[in-house]
1. Within the group V358, V334, which residue is β-branched (V, I, T), more than 19 Å from L238 (Cβ to Cβ) and out of contact with any Phe, Trp or Tyr (no Cβ under 9 Å at 6 or more places or on another chain)?
2. Is it the case that region 367-388 has a residue that's of a type in the set (G, A, S), closer than 19 Å to K307 by Cβ and touching a helix residue (DSSP H, G or I) at 6+ places or on another chain (Cβ under 7 Å)?
3. Those residues that are at positive phi and either modelled with pLDDT of 95 or more or open to solvent by less than 70 Å² (accessible area, probe 1.4 Å) (or both), I need them from region 566-613; list them, please.
4. As an exercise: evaluate S447 against (1) part of a strand (DSSP E or B); (2) open to solvent by less than 10 Å² (accessible area, probe 1.4 Å); (3) not β-branched (V, I, T) and give the number of the one condition it does not meet.
5. Quick check on this structure: which one of P215, P199 is open to solvent by 70 Å² or more (accessible area, probe 1.4 Å), over 24 Å from F380 (Cβ atoms) and modelled with pLDDT under 90?
6. What's the number of the only condition in (1) under 27 Å from R263 (Cβ atoms); (2) open to solvent by 20 Å² or more (accessible area, probe 1.4 Å) that H641 fails to meet?
7. Quick check, is D315 within 22 Å of R617 (Cβ to Cβ) and surrounded by 15 or more Cβ atoms within 10 Å (Cβ to Cβ)?
8. Can we say S234 is touching a residue at least 24 places away in the same chain (Cβ under 8 Å) and part of a strand (DSSP E or B)?
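The values are calculated or read from the model by the stated rules, or taken from the named source; none is laboratory data. Everything numeric in this text was worked out from a predicted model, so none of it was measured. All Cβ positions, even for glycine, are placed from backbone atoms using ideal geometry, and neighbour counts span all protein chains on display. SASA here: full protein model, heavy atoms, side chains in, ligands and nucleic acids out. Shrake-Rupley method; radii C 1.70, N 1.55, O 1.52, S 1.80 Å.
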Amino acid sequence: MTDGFFTCRKNVLLAKSPSTQIEGVFAASRGRLVSEEQEALLQQWLEEGAGNLPASESVPAVGKVSVTITSGWLEGSELLMTSLRELNSSPEATPCADQQLSEAALASSELQDHAVAEQARLSAEETVTVADSAPWAAVVPQTDQQIAGCAGINAEVLNDDPAVLAWSLACDAETVPAELPAQPIQDAVPFCPVLTEVPYHEILWRDWEDLSVQPCVLGQVSKNTPLFEFRVMSYNILAQDLVEQGLDLYVHCHPDILNWNYRLPNLLQEIQHWNPDVLCLQEVQENHYWEQLEPTFKEMGFACFYKRRTGTKTDGCAVCYKHSRFQLISLSPVEYFRPGLDILNRDNVGLVLLLQPVLPEGLDLKAISPLCVANTHVLFNPRRGDIKLAQVALLLAEIDKIARTTEGSYYPVILCGDLNSVPDSPLYKFIRNGELSYHGMPAWKVSGQEDFSQQLYSRKLLAPLWPSSLGVTDNCQYVTQCQPKKPGRREYSRDFLLQFRFCDVACERPPHLVLLEGVTDVKPVASAREHSAVTAVPKRHNCLSFLGKWCSGVIQHGLNLTSVYSHFLPQRGRPEVTTMPMGLGATVDYIFYSAEPVENRAGRRLYKDGALKLLGRLSLLSEDVLLMANGLPNPFCSSDHLCLLASFGLEISSL
């Protein structure tokens, strides 16, 4: 499979028609006469020199010109005129045309002397009729820098980026000759040859970053500690129904490459090429899954599980794993829709699996920890960050339940998905840092996708974010999964609360209460026994702080997750992108994995690898590189997202 895409067709300005086709056109034009007036115009242009004429006159507009010319000169000139006429009428003409025409004026002056000398010895027996033509011009070959300018590439970037540099060198060696050999007069006008399509992988080149050789990883991996190595891929494959519902998002694409019958082989080829052991897919259309994807994945050795979005939605999430590498311990589909809760009224879903790695014969399965894999696709709406946050909290609660050990710790966790949130957004920081103070935060700010700060009204997040009836605490745990309550949890009994019936607040007379003598005009007086009980209540009980845990405005989790990717490309000085909606690059897809926290620095938690070690990853691309390939999707990337791929190692203990 190829690994990239680019084409130079837009830079090809000449020689668009086969020579045999052009010769046929020329042959049909021979033997016809043109007026002496038009012949005189041509002679005047040759004598005065095109280079000395104003820009508007340097290329005369002639209809039919009678000229006595050799067949060789005729073919060369007619080829040039035909090519330029096609260029002027072509919708693919690029800004390079203006640059080339300006260079043509310089080249034409050099050809002038040779053309006049040739005109003197032309045979009077051969006369031809030159049909209406586009302006004449001589075109010089483009240099690498000119080709780069036509494609919108900074010449400096060509020298910095190995992928683009490799493409440039390939063009120099194979398609652009350094020197033009001496040829007859019909070939004296040099043409830019048709550049062959540069292979996909030479422009959208995605390097495999081997992180296992880094000192920080080598120091954590003992030479005597074997690792269970496996690959995880996360991929939003773009459901076909969503393509057809949002064609305005793909106006830059040719309709043929949006067809599912075209996209499916590309997607399968890409997955097969990278050969993951665990595959997490989003936007998987249900009928395509059952009819095409699942049967194909099973042939590839995968065991597959699918969860369609609730309601009338036709797509969902899928998790597949190689049954030769893992065994299923438990499966938990997650539905975020909860009837009657506005904060959870959308149809997004997730999947949480607990997998047992399969070790070679002779090794006990207990020698390696199970692995928890979660996959989700969070709500897109940039304005409803409150819903996104609640969906992620519900998923983390499910992971907490599945991945928690009997000792209260956690199995290694890998969380994949399209979270529709950008790096360093509050939602991203919540997952990575394990804590978020959300009370009073504008809802649009949670995901960081768009800036709605100029709007007069914006929804704000208020505590509690979800009702206690959901059964999820602010620690993103199910109530039944919480640690056992400490002794004394029954101190808030009915008898205890009745002690407050004679407190100052309870005995204060409401100002609008109807005054009835002997009924409402008497202030209750507590007995000595009741009074002593009230004064003995600790202050923390007076403020009823036991209710505060439901409305603190802060949510937390204890899974210690960090991102596989750094979200920045230091060699290019640009951020990574995983998708390009409307031609704008953004990162919304992630692979998080369990690590050990080291320290908090400026509110950012730092991690080091624990039992689960990151060994490598497939590099992402920057926005400018994807723009060179006409964005996403394109003929070789058949989704509007890039796939994410990481290699992990799980420690195998010696029993």
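1. Going through V358, V334 in turn, just one is β-branched (V, I, T), more than 19 Å from L238 (Cβ to Cβ) and out of contact with any Phe, Trp or Tyr (no Cβ under 9 Å at 6 or more places or on another chain): V334.
2. The answer is yes; a qualifying residue exists.
3. Passing the criteria: H567, G573, G583, G603.
4. S447 satisfies every listed condition except (1).
5. Being open to solvent by 70 Å² or more (accessible area, probe 1.4 Å), over 24 Å from F380 (Cβ atoms) and modelled with pLDDT under 90 holds for just one of P215, P199, which is P215.
6. Result: H641 fails condition (2) only.
7. It is false that D315 is within 22 Å of R617 (Cβ to Cβ) and surrounded by 15 or more Cβ atoms within 10 Å (Cβ to Cβ).
8. yes
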